[in-house]
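The values are calculated or read from the model by the stated rules, or taken from the named source; none is laboratory data. Since this is a predicted model, take the numbers as computed values, not measurements. Note: accessible area is taken over every heavy atom of the protein model, side chains too, but ligands, DNA and RNA are not part of it. Shrake-Rupley method; radii C 1.70, N 1.55, O 1.52, S 1.80 Å.
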Amino acid sequence: MKNFYNDKELLSAYIDGELSQEEKKYIEDKIKSSLELQKVLADLKKLKELTSNSFEKISDSPFFETRVIASINQSPSILFKLKKWSPVLAFLFLTIGLMAILRYSPNLINNLIENQKSNLAGFYKENLQPLLYTADLTNEDLYNFAFYQQLPLDSSRQQLLKLGYDPQGKEFFEIKKVDNPADIKPANNLNKFVSALKLNASEARQIDSIIGSYTEQLSSLVLVNDKNSVAINPSLWNARKALLADIITFAQKHAPVDFRKILPVQEGKFDNNLVSKWVDKTKNSIDSQYIFCTPDSIFKENFVFDINEFKKNINKMEEELKKLNIERNLEKDLKFHFDTNFDKEENIDKQYRQFKVLIDSDFVKVIVNKLDIPEIDLNELNIPDFDSIATIIDKATKNIKIYVPSLPSMPNNSKIFDDENKSGKTKKRNKAEIKIDSLMNLKNVIADSVYKEQLEKLSESFNKQFNFNPDDSLIIKQNNELKKEMDRLRKELQRFREEMKNYENNGKGQKQDNSIEIRIEGVKVIQT
Amino acid sequence: MDSEEKKNMEQPKILLLDDDFSLIKRFIDGDESVFSELVKRHKDKVRNIIYLTLSNNEMVDDIAQEVFITVYHNLKNFRFESQFTTWLYRITINKCKDYLRKKNIRKIFLPLQEEEPVFENINEDSDIKQIVRNAVAALPDKLRIPIVLKDLEGFSYQEIAESMQCEIGTVKSRIFRGREALKKILRPLEKELME
């Protein structure tokens, strides 16, 4: 079959006249002996003929040469060609540039990586603080650390630092999350230890002081920060051993029998001197390298942590905080600094003197003589007049007993400044006398004298507004009470009005304007 | 040495000849006006190859122009190692291939279109030539180009191999496979065609 296929291919070349003499002879012999090949040959010849005759020459294109020459003359400039290839050229130049840079400074990339590493290390080394301060560790925690080799890492006690030794005796530490906070801190072990050894109170205090003496050393060995990184000094293992040895030595010395019950395997005896020497040595030989365990990586870096400097900063911060708290407390007192020169401005136009200000060290009151509030016609809206309600509320509140802190004691040399009185009553400006007992009453008097007529009108409108029908309301009882209260108020208002009339009659000839003589010692009044 | 002999030595015979090489030599020497003569000489062949290769009449002049512009820019580097026409046809075939490649890429981004059927309403009046042209156009590029160069342009296998930058054996095989494919396409009309 393959041969036949080859023969057919040879036939194709045969009709094209592309065979060597040898091939030609071979295929001609084959054709003679094979009818099938003869058929194939005839088909191929016919096909070639068909193809050759099916296409006509393309028609002539007039002025083709002229157009080609014109195109050549208009062909894009070198600049255009460069522009076309600009992305490739840019990439090429960049590659060449990079190659040249790397050729002459092969460590460039390494340096960049190192820089980035140190930047990252710097980032994680920021604000490292001793674990003892941040996690608020107790003697109980340190005891657990000595015996059980685990320290809680955060104050929420969700994370734990655990020291240990693998089967080959190599040190390891692990930071793990514990779902149950009780697992981190086995409860009350120190107390159990003390009671098991039957130590007296003084001895228990000594144990506490031994543990306490390690606080500073341990502080600088485990550092944490807000970037979630933990720096552990390898000396931590020694410190733990020292603390453990110290506690055991003390226990052995003070309660040898009970101690043996707790640790029966322990043979021999700790030599006090040897332990103390060893402890001193561990305290003085702290490695300058810390193992940094960060969310991104774990690395070993030189890091100097000065516990004294840290303490100084902490103390300084505490002092600042105290100071700040004192200042805050002071700021709670009211302090209004009004310009006391107001009273010296004698030429201020009277039309601007709209406010009467009463000030003292912890008291400020501003009275507005004239207030232009735009009037709104509420009749169309069929809702009660706001002022009528406000006045009633105001009047009602007068009878409610509210604790009002008594005014501060007034110094004898206090002054009253009343600019409006200045022109006619210069003498009274500095030594005004009080005719009314309290400022509350004073306010009422001012209001009443100025808006007396208006008050009358408003109270009438209120009566109309609050003409309740008990059957209509679900709160019948409350309405009845309100009615009674309103009656009482009305009577009081009437009485008040009469009193005011008397007051006005008495005051006629002395005062023609709205100004009132105030006789409050120690209260400074500025009217502008 | 008389003056006539001297003149002949200074100006080699080849420059006086009117063949392609002499024109190219003059072009290289700075006489760019001869280029239009080169275009005039070869434009028909080039245009025809493009027409047959693409089976498309519309783009012939544009591609032919591109061919001659490329020739113009590269003629100074011509090394006289092969015939000018071999070089010219190679450029032509390459330009056609470029065009076909770009056209195929463009096709990917165009909405699907139904391919033109080779036979449409075949009857006695059907144009056999058109049917054959359609059948040739339906062939893959690598089979169509050697067939048209051989059967229509009369290229030898050697010339086709040089123009297409491939081996003679490949040309031979592709022509045979092209003819087989063509036969298969035209089989429904075998009786009519083979009469």
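Details
- Entries of A:LYS81/B:LYS102; A:LYS81/B:LYS43; B:LYS97/B:LYS172; A:LYS24/B:LYS40 with Cα pairs more than 28 Å apart: A:LYS24/B:LYS40
- With DNA, RNA and ligands ignored, accessible area of A:LEU151 (1.4 Å probe; Å², nearest 10): 10 Å²
- Average 1/r across all pairs of distinct alpha carbons in the stretch A:2-53, invert it, and you get the Kirkwood radius: 11.1 Å.
- The alpha-carbon positions of the stretch A:93-139 define a convex hull whose volume is 81 Å³ per residue.
- Rg and Dmax over the alpha-carbon atoms of the stretch B:116-189 stand at 13.6, 42 Å.
- Heavy-atom accessible area ranking, 1.4 Å probe, most first, across A:PHE299, A:PHE91: A:PHE91, A:PHE299
- Using a probe of 1.4 Å, the accessible surface attributed to B:ASP127 totals some 80 Å² when neighbouring protein chains are kept in position.
- Put simply, the Cα atoms of the stretch A:127-316 extend 50, 43, 37 Å along their principal axes, the longest span coming first.
- Solvent exposure, largest accessible area first (probe 1.4 Å, DNA, RNA and ligands not counted), of A:GLU203, A:GLU301, A:GLU171, B:GLU167: B:GLU167, A:GLU171, A:GLU301, A:GLU203
- Amide H contacts under 5 Å for A:LYS300: A:PHE292, restricted to partners 5 or more places along the chain or on a different chain, H placed in the peptide plane at 1.01 Å from N.
- Accessible area of B:GLU66 (1.4 Å probe, protein heavy atoms only, ligands and nucleic acids ignored): about 90 Å².
- Dimensionless Rg over Rh [the stretch B:11-113; C-alpha; Kirkwood]: 1.09
- Residue-wise HN-Hα coupling along the stretch A:55-62, computed from phi with Karplus coefficients 6.51, -1.76, 1.60 (Hz; x: Gly, Pro): 9, 9, 5, 5, 5, 5, 10, x
- Phi angles of the stretch B:132-143 translate, via the Karplus equation with coefficients 6.51, -1.76, 1.60 and θ = phi - 60°, into HN-Hα couplings of 5, 4, 4, 5, 5, 5, 7, 6, x, 3, 5, 9 Hz per residue; Gly and Pro are given as x.
- Unsatisfied cross-links (Cα-Cα over 18 Å) in the set A:LYS8/A:LYS48; A:LYS46/B:LYS129; A:LYS57/B:LYS45; B:LYS129/B:LYS183; A:LYS227/A:LYS316: A:LYS227/A:LYS316
- Taking the empirical scaling 2.2 N^0.38 Å for compact globular proteins as reference, the stretch A:1-116 has a Cα radius of gyration ratio of 2.35.
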